[in-house]
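Comments concern the structure below.
The values are calculated or read from the model by the stated rules, or taken from the named source; none is laboratory data. Not measured: the values here are computed from a predicted model. Neighbour counts run over all protein chains shown; Cβ positions are idealised from the backbone, glycine included. What goes into the accessible areas is simple: the full protein's heavy atoms, side chains included, and nothing from ligands, DNA or RNA. Shrake-Rupley method; radii C 1.70, N 1.55, O 1.52, S 1.80 Å.
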Amino acid sequence: MKKLWLKYIITITLTLATMSIVAFSYAAYLNRDKYVNPLDVNTVALSTYFSGGTGAETAPYLIANSDQLRNLQRLTLLGVFKNDSHFALLDSFTWDNTDGPLHPIGTLDNPFYGEFDGRGRTITNLIVDGANTSDVGMFGYVAMGGLIRNLVLSAPTIHINQNTTDVADKTKRTINPLDDYLFAYAQALDDIALTSTTSNSATFQVPALSVSVSIGGEIQDFDIVYETTDAARLYESSPGYWTTAQTAGAVATDLYPVQLSARVFALYDNKVISYTLERWQINVRGDGQVLELETNVFRTLHRIDDEHETYVGIFIGYLDGGASYLGLWGGNTDSTTANGKIVVNGRAARSFNVLIGRSRTDNPLDTTAANYYSRLVDISAAITNNSSIWNTTYAIPQTPLTDFATQESRAITASTAYGLTSTETNYIRFYPRIQHVLTNFDTQLDDGTITTGQPYSARTMRLNQPLGVGVRATYQNKWYGSGWYNRDFAVLNGFWLWSTDTISSQAEAVFGLNQFEISFKITYVATSTSLANNFQILFNQYNPDIFGQFLWFTWEENLVKNNTWSDLAGQTTVIDGATVPIYTPSQHPVVKQLTPTRTSSGVIQEMQVDFIINREDQGFWQDIYSYTFLSEPYYPMFGIGVGKTLTQTSNTSGSTYRYYYGNFNADSFSLDILSVDFLFTARQGNVSNLLNNVDFLYSLPTYTNNPDGTTTFSAWNKNSNVKIQFNVIDPALNLSGTTYRFWRVAGFSGVNSTVYGIYTTGTNYAPFNTINYANATLTAGAA
């Protein structure tokens, strides 16, 4: 790398009629060790562009109309605001497009660093023009430390247009005046260099402390101002050196990214403006060490080897900061005028999430969501759409179960009726006794009110007996020894999951790791006078293709590892160094108390169940014989249903079969299931983020602005858990453009509601669901 004290000479001549940069002594305005707003006059002058405020937390700049939102965009482009500047909507308003659309607020070179608080208000019919910038949305790029919150956009339209070639127009719209003069310098700037490490820290050297420029023929030196987004985790230990630190309460192996930015300041139009030369993302672990996975991994802005794609989101194009309570209101029906809309025409564009185009949760360094398998089984829709099974009952052959073949056949038939493929029924099945019924129910509204009279109805799958399981051993005469070999298993009154590595290539990656998570969300209506029944989980291990091999000898083994299934309750695992229970049934009651006078009996509910499996735990994932040259592993399988306490029994008196049973007892109940959403995902790594409650809305939420400046929503919509993507790769294959429109129906006051997306018929770039999230309904139609 170049020596630290090397001066870079950049000749800058600014002769544009509308622009002048005046030489001044930086010492008068900046304290290099602690950046503050360069000129107090900026605060005074900037307030005239808004409806008041000073930018302080207690007195944010107030935005009341379209012109003032444009002012925020233009002044952000100039880099005139302090990093902790605050902005707030004074009131809801409808976008006035008389002076043209809004250009994205914040770019890579000139990010939005501050806090924008919508205070619960709504901007209607916002139009954004995303030409000539790589991050497109109402906000373009929001840096670490930035925060966008408490805002609703109604019927916005985001345009990703072809970049303009008119230099003057381009400069006017999206380019900082310093860009043409400092961009090449920024690209040539060396990376930060790792100089030393300890067990709980790492120290970096920055590439330069100053830059020399020619202004009016005179060379002057200007400081490069460095700033961290988290001073507790990254601080300047001496001039030109920055050191990471371990922080209290942080998980040692988790990632806590910090950005270090380098900026230069100048005078323009009587304001102090800034230009970002570079930002480095430093992936600090909780123990203070730094994760470096590749050469030049730190540079985030002007990486020549990694050209930045165009990222598109309705609210934010690229988010490295935080976002909370951002809602897209597109109505409840298909409408070309009321739905939220993204129009891509003339450019390549990528969106990992149509609400926020890309965020730190999409960081490839975070493998939490990199490997997964997911399946939403919409039972209610499958039954509703097939009148021949409206009143079907799939019965257990007999109790106690001995006819395992018939029970498995009926489970496959039922599971296929719910839309599962023949391949999927190898690892997900619903086991009799099952009855299809029309269920009437109440719902709990967003404000907490519970309806009466059960005004809603849906066709459902009913379970009304407690969970049970069985294993059947068969007597086999084999060359290597005769004996009882476990060949069959069955589940009664519940559903079955098998965590095989043959589900798909993604699942092989999931189950090849030491830790993985199993999650399922049940939407259901339960009826019972008892609060004592819980969702229960039993587990065993299974592999129908299991074998052992030594030299040229092969043999079959038990397909089911254990004669008896074990109760997952009471099992523990080690996560992040702590011993924790895998599953606690009491935290997952089938019927719960909603109010002092009302239980959830007869009210539609959603129950999320998550548990983590560590393959190194005793009893999980063992090979049949560890000493053989070739052997197949067992994979955990789970039976899930309702119960209170478990009883294990066996019948070993038969000469051909032996049976082993595990059955729960339960208080009287009925469990009517509308849908089950399954997810298997790897659990490796984590990136801290502030992304929450960014969603499609089925109704406009109500809110209260509190005296302390915070906003409280009393009726924020239930989480849709939908994440829609698109990827327009080649503009030549998108000559007519593609429009994407979005809205959400209410469902049962948010329970089982659906997000819809319409995209231009015939496009080569249809949107798609992210598979570890709930599914939106995406169809081609009129733009």
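Below, the figures for the structure above:
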| item | result |
| --- | --- |
| Sites K592 and E57 - FRET efficiency at Förster radius 51 Å, r taken between beta-carbons, to 0.05 | 0.80 |
| Stretchable slack from T421 to T564, in nm (0.36 nm times residue separation minus alpha-carbon distance) | 48.6 nm |
| Residues A248 and V580, FRET efficiency given R0 of 22 Å [Cβ-Cβ distance, rounded to 0.05] | 0.60 |
| Average accessible area per residue (Å²) across the stretch 41-146 - probe 1.4 Å, nucleic acids and ligands excluded | 30 |
| Directionally averaged projected area (convex hull, Cα atoms, the stretch 399-444), nm² | 5.0 |
| Cut-off under 5 Å, modelled amide H: who pairs with S720 long-range | F696 |
| Theoretical gain in end-to-end length, L735 to Q398 [0.36 nm per residue, Cα-Cα removed] | 115.0 nm |
| Label-point separation, Q608 to N692 (7 Å along Cα→Cβ), nm | 1.1 |
| Highest-first arrangement of 347-357, 517-527, where packing means the average Cβ count within 10 Å | 347-357, 517-527 |
| S655-T529 pseudo-label distance in nm [points 7 Å out on the Cα-to-Cβ vector] | 5.1 |
| Backbone HN-Hα couplings from phi across the stretch 662-669 [Karplus 6.51/-1.76/1.60, Hz, Gly and Pro as x] | x, 9, 8, 9, 7, 6, 4, 7 |
| Spin-label pair Y235/Q187, simplified geometry with 7 Å Cα→Cβ offset, distance in nm | 3.8 |
| Charge sum, other residues only, whose C-beta stays under 11 Å from V471's C-beta, Lys/Arg counted +1 and Asp/Glu -1 | +3 |
| Carbon and sulfur %, accessible surface of the stretch 686-774 computed with the full protein complex present, 1.4 Å | 53 |
| Per-bin percent of Cα-Cα distances, the stretch 190-299 [5 Å] | 2, 11, 20, 22, 15, 10, 8, 5, 3, 1, 0 |
| Theoretical gain in end-to-end length, S482 to S388 [0.36 nm per residue, Cα-Cα removed] | 29.1 nm |
| Rg(Cα)/(2.2 N^0.38 Å) for the stretch 62-215, N = residue count | 1.23 |
| Residue-normalised accessible area of the stretch 190-299, given per residue in Å² at a 1.4 Å probe | 36 |
| The stretch 190-299, relative contact order in percent, only Cα pairs under 8 angstrom and at least six apart counted | 26 |
